[in-house]
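The values are calculated or read from the model by the stated rules, or taken from the named source; none is laboratory data. Please read all numbers here as calculations on a predicted model, not as lab measurements. Using ideal geometry, Cβ is built from the backbone for each residue, glycine included, and neighbour counts are taken over all protein chains shown. We work out accessible area using only protein heavy atoms, side chains counted, and drop any ligands, DNA or RNA first. Shrake-Rupley method; radii C 1.70, N 1.55, O 1.52, S 1.80 Å.
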Amino acid sequence: MAQGYVKAADLPQVIPVFPLPGVILLPRGQLPLNIFEPRYLNMIDDAMAGDRIIGMVQPQLGPQGLSPIGCAGRITSFAETSDGRYLITLTGCARFRLASEIPTQTPYRQIRADFGPFETDLSPPPVDDIGLDRDGLLDALRAYLETRGLDIDWDTAETAPPEALVNSLSMALPFDPPEKQALLEAASLTDRSAVLTALLTIDAASDGDGEAPSMQ
């Protein structure tokens, strides 16, 4: 777990957010980011001077313009380039429900985050595949990759811990924002694996039928 966070109350209640479509962060996942907009450079400066926590959330139509659920991550890697960009890595801590947006003078947005519904994200991850259909997931992944002429290290995929396998694929594959959000909001790792398998199967079948895949 990140930085000794063991319960929801250990995490800050007010956090800055980085709205980014098509990008999700999941617990213990690692997300590299290239920061160049001035307001988000400011956000990183402030986060580095504090608890290093940033919330990743997708934009969404509606009053607040943000999806109701995101994931907080801690900056665990930081570098500055010669042209003033920041290269950071966020390591996922826990998902949150957006309770409210905080009026602020900062150029970036800040929210009050409710981590309570996702406190189990702070528990150690499962070490075995109980309840998870790894074979079904890998079969769907193989068909998905074959339609694109791609391949991966199958030895690693077959032996990776279940959370690392499911969450890394959920974060890395280029699904549409609503599909990404469904993966983020899945109640359990087993549920996320089932959603991921379904998305892979649907997209592989769409490509096989000569139709446009449902992703950017």
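Things to note:
- Annotation: per residue accessible area for the stretch 41-137 equals 49 Å², rounded to a whole number [probe 1.4 Å, protein chains only].
- Order of exposure, largest accessible area first, which applies to PHE78, PHE36 with probe 1.4 Å: PHE36, PHE78
- Near LEU25, the amide H atoms lying under 5 Å from its own belong to CYS71; only residues 5 or more places off or on other chains count, and H is placed 1.01 Å from N.
- Nearest-10 value in Å² for the accessible area of THR159, using the 1.4 Å probe: 110
- Taking every DSSP bridge with both residues inside the chain, close to 90 percent are antiparallel.
- Dipole check for the chain: with +1 at the C-beta of Lys and Arg, -1 at the C-beta of Asp and Glu, and the Cα centre as origin, the magnitude is about 960 Debye.
- Among residues other than PRO68 with Cβ under 15 Å from its Cβ, the summed charge is +2 (Lys and Arg +1, Asp and Glu -1).
- Carbon/sulfur fraction of accessible area - the chain, other protein chains in place, 1.4 Å, %: 54
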